[in-house]
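A.B. asks: If you scroll down you'll find the structure; I have some questions about it.
Laboratory data are not the source of any read-out in this text; all were calculated from the coordinates shown. Treat the numbers as computed from the prediction; the structure is a model and nothing was measured. For neighbour counting, all protein chains shown are included, and Cβ atoms are generated from backbone atoms with ideal geometry for every residue, glycine included.
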């Protein structure tokens, strides 16, 4: 049955967190959705927890291949017009899908929407924002690579038309998965637009904990090197289109991974990243300076049409 949203969750050994993640979707104020959970070869009790939901979720089991492959598997099975990705340790706020639906209706179905995100620590009580249900504040750009604001990227804030996802790459093509799946996805779809970035209300809660994937610096660095190679070889969606914007897009996170590599006493890895990616870092610095001397895009206030 056709739905507006397919919420795609990739899970691996999340027995302590996956129930909260799924329940955050089942608690949505907007109900036109399906849930697809891809269990990426879990060896703990994740499978038992998923089975307890019965027909409330669609579950797929596969051998462990990493989060990017898991998300592609889920996307290939989705029946929704839009894919709403959600990491298995994050949460949707209750009005997340309602907010995205409003944007789709009032802004002529943009192919890419980036949710607003707040961070919280694993043992911290999460409080939802006070929300005016009739008001949504967004920024709208030609495409993601054109944005003039910095946002912390996470898979859980990415919402896009399934057709856009399929334009970027074949969901079944898993020959070269990238560990930095969220950055790679936006690198591939960054030329499609318009792109809408939600400023208010917060739609996604990003859980910070000691076992989260973003703390695995060596794997993240390898993912960054893979993306550097793709951009240099013109192997992204659209070939060499918008090469400078792609360089600038990668430069910011690349600089952070260079710093983190030094911090964990991996100077060789940091130097390798710097040698391979210095043009990206330079492009990011120049782009940031340019945005400081020009006006940023105005906020758009969305209210329900009468």
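A.B. asks: Kindly state, as a whole number, the per residue volume in cubic angstrom of the convex hull around the alpha carbon atoms of the range 217-292.
C.D. replies: For the range 217-292, the hull spanned by Cα atoms encloses 77 Å³ per residue.
A.B. asks: Also, I was wondering about something else. Give the relative contact order (percent, whole number) for the range 1-160; include only Cα pairs under 8 Å separated by 6+ residues.
C.D. replies: 29
A.B. asks: Rounded to the nearest 0.05, what FRET efficiency do residue 243 and residue 109 give with R0 = 25 Å and r taken as the Cβ-Cβ distance? Could you check?
C.D. replies: 0.30
A.B. asks: Using only alpha carbon pairs under 8 Å that are at least six residues apart, calculate the relative contact order of the range 217-292 and give it in whole percent.
C.D. replies: Contact order relative to length: 39 percent.
A.B. asks: Note down the relative contact order for the chain as a percent, whole number, built from C-alpha pairs under 8 angstrom at least six residues apart.
C.D. replies: 20
A.B. asks: With label points built 7 Å along Cα→Cβ from the Cα atoms of residue 275 and residue 19, find their separation and express it in nm.
C.D. replies: With each label placed 7 Å out from Cα toward Cβ, I get 5.1 nm.
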